[in-house]
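Asks: Pasting in a structure now, in structure tokens, and then I'll have a few things to ask.
The values are calculated or read from the model by the stated rules, or taken from the named source; none is laboratory data. Just so it is clear, the model here is predicted, and its values are computed rather than measured. Cβ coordinates were reconstructed from backbone atoms using ideal geometry, including for glycine residues, and neighbour counts include every protein chain displayed. Only protein heavy atoms, including side chains, enter the accessible area calculation; ligands, DNA and RNA are left aside. Shrake-Rupley method; radii C 1.70, N 1.55, O 1.52, S 1.80 Å.
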Amino acid sequence: MSGPAPAYVAAAEDLRGNYDQWAAYEATGNCAILAGPGSGKTKTITVKIARLLAQDVHRPRRIACITYSNTCVGELRSRLNRLGIDDGDRLVLSTVHSFCLTELVLPYASMAGLDVPEPLVVASPAQARKLFADAYRSKLGGNAPSWFRTASDKLRRTVPDRDSDEWHGWSGRETTVIEAYEALLLDNGLIDFDGLVLAGLALVEKHEWVCRAIRAKYPVVVIDEYQDLGLPLHRIVLALIRAGVRIIAVGDPDQSIYGFTGAKPALLRALARMRGMEAVTLKLNYRCADSIIAASKSLLSQPSDFRSHDGRQGEIRIHRLKRNLQGQAEYALGQLVPALLKANTGWTPGDIALLYRSLNEGSPIAQAADRLGMRYFRLDNGSPIKRTRLTEWLTMAARWCAGGWEQGDVQLSQLLKEWRRLRPSLRSEPDRLAERKRLVSALYKLRANAMLLRKWLKSLRDAVLDALLHAEPGLADEVDNLEDLSAATLPGGALAAFTVEIFGNQGRSPDQINLMTLHSSKGLEFQAVIMMGLEAGVFPSGYDKTEEQLEEAKRLFYVGVTRAKTQVHLMFDSDESPLITAIREAA
């Protein structure tokens, strides 16, 4: 008598009614899945991964799944766990930086004679900033403006070949400083995160045996959010395809909004057109109402044929308020939000998001919320609580300490499993058991929902956190984040009054309205979205001059509009942005 069918089989049946999702699920070779907002792409690829593990990829071989950010990693992990798939010995789920570190540079750089530090130490953001400033000062004199560092980072990601004509034809100011910076990193026994990706690229393009080794271990590589990952990752993918690795790439060129980091939407389109690559477009939108889909398509120069799955009409309202940003925020929070909640009795404040372009807009909006006594979750560079791997673990640990251990909504086993993922360098079983004992002991002593976050975090740092960051090179970018978080809990800081319970519920409480940048909102959804500061000359900004910049501004606006399921509210002061004009005409 056979047992119950695996969870992915039942989940796959839900895909059968959607022709495009089923085609992606059934594809047997290289496949590019072009997935618009709300198209169910995460469900499609997680069910496909589960099937591949069950039917095609057998021990000791594994599947690698690479995505843009730790937030994306967390979402994929959660979906896979619901299908009974754990990213342990059969699945590696990581960001591109982490993949290059653990699967390419650490195992193969020394054998390939690559010029990287030995032992490998990843520079923290603070170390990288200091060395870049030193390089700039030594070559150009004075202090580097912030835009110069941004432009240099983008150059490293878009022109990776130091011996190419394009590199030598570039402005000597940038290339000279970059070369000096990279030399300083090496002299100090460090490599930065972009350097890890460039080293990974060198390994797969110059050493065919590295590609064969990857194929032997990972016959299938899945890449999510492909449009955000840039040229070095694209070239790594091409090298792996040539070596016979099966590639499944997923993304949406219309949601490519990280051009300042080197992302290029054309790369995914080019991959989809490659010979031997099956391209599938997911056309049904399960999130947005019809009016929102129609309006959002007006923003794109080559809109895909996306359509709503259920024919809901939805609503788009344009508000000319003749108020500055602060006035717009006061109107939105003091009048519009209460009206939306009153008219939609099933909604909570957590179903509504106020979206804006940058920290400059976020601060006055948060101040307006403070004056009105509104609870909110803020997600931008002005918030001391960042969405990182370590912070996600800390908020989960805080929920456990604040009562989750008793209520069962957070399992200790889950906390320990996530901690183990943060500690890949800890290989000996006695060391693992000793650290597990220290962690469990610390957590049990910190079970108190009303304890000040300051005391809780300091105790956890002393017990395990500081040692973790010292031991793991892949967490170098978390060092500054933890310092910022700790500083914010001190008297006078933004989190001085936070308890363990309040911290653990950040971003999860239905009673908190959401304040976030458009970039931070990507991948999320809400019943209603309110976008502010949409005046002519502000969005797109006066700095958006090239065709590439203007197209990205349109895509960023498109991302904001398509976060909404039911309602979109657009606000401006005097003259409306041409992006609002396009939506008005489409409506």
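Asks: Mind listing just one residue for me: the one in region 293-316 that is in contact with a Ser or Thr (Cβ under 7 Å, 6 or more places away or on another chain) and not acidic (Asp, Glu) and, of those, most open to solvent (accessible area, probe 1.4 Å)? I'd like the intermediate steps shown before the answer.
Replies: Going residue by residue through region 293-316, those that are in contact with a Ser or Thr (Cβ under 7 Å, 6 or more places away or on another chain) are 293, 296, 304, 313-316.
Narrowing further to those that are not acidic (Asp, Glu): 293, 296, 304, 313-314, 316.
Numbers: 293: 11, 296: 3, 304: 39, 313: 120, 314: 33, 316: 44 Å².
Restricting to residues being in contact with a Ser or Thr (Cβ under 7 Å, 6 or more places away or on another chain) and not acidic (Asp, Glu), the top hit is 313.
Asks: Follow-up question, since we're still on this one. Going through region 477-488 one residue at a time, which ones are part of a helix (DSSP H, G or I), in contact (Cβ under 8 Å) with a residue 40 or more places away in the chain and within 16 Å of residue 387 (Cα to Cα)?
Replies: To start, the set of residues in region 477-488 that are part of a helix (DSSP H, G or I) comprises 478-488.
Next cut, in contact (Cβ under 8 Å) with a residue 40 or more places away in the chain only: 478-482, 484-485, 487-488.
Residues satisfying the conditions are 478, 479, 480, 481, 482, 484, 485, 488.
Asks: Could I ask something else about it? Take the conditions crowded, with 23+ Cβ neighbours inside 10 Å, within 27 Å of the chain's Cα centre (by Cα) and not acidic (Asp, Glu) and apply them to residue 101. Does it pass?
Replies: Working: crowded, with 23+ Cβ neighbours inside 10 Å: yes; within 27 Å of the chain's Cα centre (by Cα): yes; not acidic (Asp, Glu): yes.
In short, yes.
Asks: If you check residue 387 against the conditions, is it modelled with pLDDT under 95, closer than 28 Å to residue 547 by Cα, in contact with a strand residue (DSSP E or B) (Cβ under 8 Å, 6 or more places away or on another chain) and open to solvent by 50 Å² or more (accessible area, probe 1.4 Å)? Outline the logic, then answer.
Replies: Working: modelled with pLDDT under 95: yes; closer than 28 Å to residue 547 by Cα: no; in contact with a strand residue (DSSP E or B) (Cβ under 8 Å, 6 or more places away or on another chain): yes; open to solvent by 50 Å² or more (accessible area, probe 1.4 Å): yes.
The answer is no for residue 387.
Asks: Within region 147-206, take every residue that is more than 26 Å from the chain's Cα centre (by Cα) and among the hydroxyl-bearing types (Ser, Thr, Tyr) and give me the one that is nearest to residue 123 (Cα to Cα).
Replies: The qualifying residue nearest to residue 123 (Cα to Cα) is 181.
Asks: Let me ask something additional. Could you tell me which numbered condition residue 234 fails, if it satisfies all but one of (1) open to solvent by 10 Å² or more (accessible area, probe 1.4 Å); (2) without any contact (Cβ under 8 Å) to a residue 40 or more places away in the chain; (3) within 22 Å of residue 111 (Cα to Cα)?
Replies: The one condition residue 234 does not meet is (3).
Asks: Output the residues belonging to region 158-194 that are open to solvent by 60 Å² or more (accessible area, probe 1.4 Å), within 27 Å of residue 479 (Cβ to Cβ) and either touching a His at 6+ places or on another chain (Cβ under 9 Å) or in a helix (DSSP H, G or I) (or both).
Replies: The answer is 179, 186, 187.
Asks: On the basis of being modelled with pLDDT under 90, among the polar types (S, T, N, Q) and surrounded by fewer than 21 Cβ atoms within 10 Å (Cβ to Cβ), does residue 110 make the cut?
Replies: Details: modelled with pLDDT under 90: no; among the polar types (S, T, N, Q): yes; surrounded by fewer than 21 Cβ atoms within 10 Å (Cβ to Cβ): yes.
Judged against the criteria, residue 110 is not a match.
Asks: Among the residues of region 350-363, write down those that are open to solvent by 20 Å² or more (accessible area, probe 1.4 Å) and either modelled with pLDDT of 95 or more or among the hydrophobic types (A, V, I, L, M, F, W, C) (or both). Explain how you work it out, then say what you get.
Replies: Let us first name the residues in region 350-363 that are open to solvent by 20 Å² or more (accessible area, probe 1.4 Å), namely 350-351, 357-361, 363.
Answer for region 350-363, where residues must be open to solvent by 20 Å² or more (accessible area, probe 1.4 Å) and either modelled with pLDDT of 95 or more or among the hydrophobic types (A, V, I, L, M, F, W, C) (or both): 350, 351, 359.
Asks: Just one of the numbered conditions (1) farther than 26 Å from residue 95 by Cβ; (2) of a type in the set (Gly, Ala, Ser); (3) open to solvent by 20 Å² or more (accessible area, probe 1.4 Å); (4) touching a residue at least 12 places away in the same chain (Cβ under 8 Å) is not true of residue 474; which one?
Replies: Every listed condition holds for residue 474 apart from (1).
Asks: Inside region 422-433, can you point out the residues that are of a type outside the set (Asp, Glu) and either in contact (Cβ under 8 Å) with a residue 40 or more places away in the chain or open to solvent by 80 Å² or more (accessible area, probe 1.4 Å) (or both)? Talk me through it step by step, then tell me what you get.
Replies: Looking only at region 422-433, we keep the residues that are of a type outside the set (Asp, Glu), and these are 422-428, 430, 432-433.
Result: 422, 423, 424, 425, 426, 427, 430, 433.
Asks: Could you say whether any residue in region 270-280 is in contact with a Phe, Trp or Tyr (Cβ under 8 Å, 6 or more places away or on another chain) and modelled with pLDDT of 95 or more? Steps first, answer last, please.
Replies: Initial filter on region 270-280 (in contact with a Phe, Trp or Tyr (Cβ under 8 Å, 6 or more places away or on another chain)): 271.
Cutting the leftovers down to modelled with pLDDT of 95 or more gives us 271.
Among the residues of region 270-280, at least one is in contact with a Phe, Trp or Tyr (Cβ under 8 Å, 6 or more places away or on another chain) and modelled with pLDDT of 95 or more, which makes the answer yes.
Every residue, every condition in (1) open to solvent by less than 60 Å² (accessible area, probe 1.4 Å); (2) farther than 30 Å from residue 96 by Cβ; (3) touching a residue at least 12 places away in the same chain (Cβ under 8 Å), yes or no:
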| site | (1), (2), (3) |
| --- | --- |
| 253 | yes, no, yes |
| 278 | no, no, yes |
| 284 | yes, no, yes |
| 318 | yes, yes, yes |
| 324 | no, yes, yes |
| 337 | yes, yes, yes |
| 346 | no, yes, no |
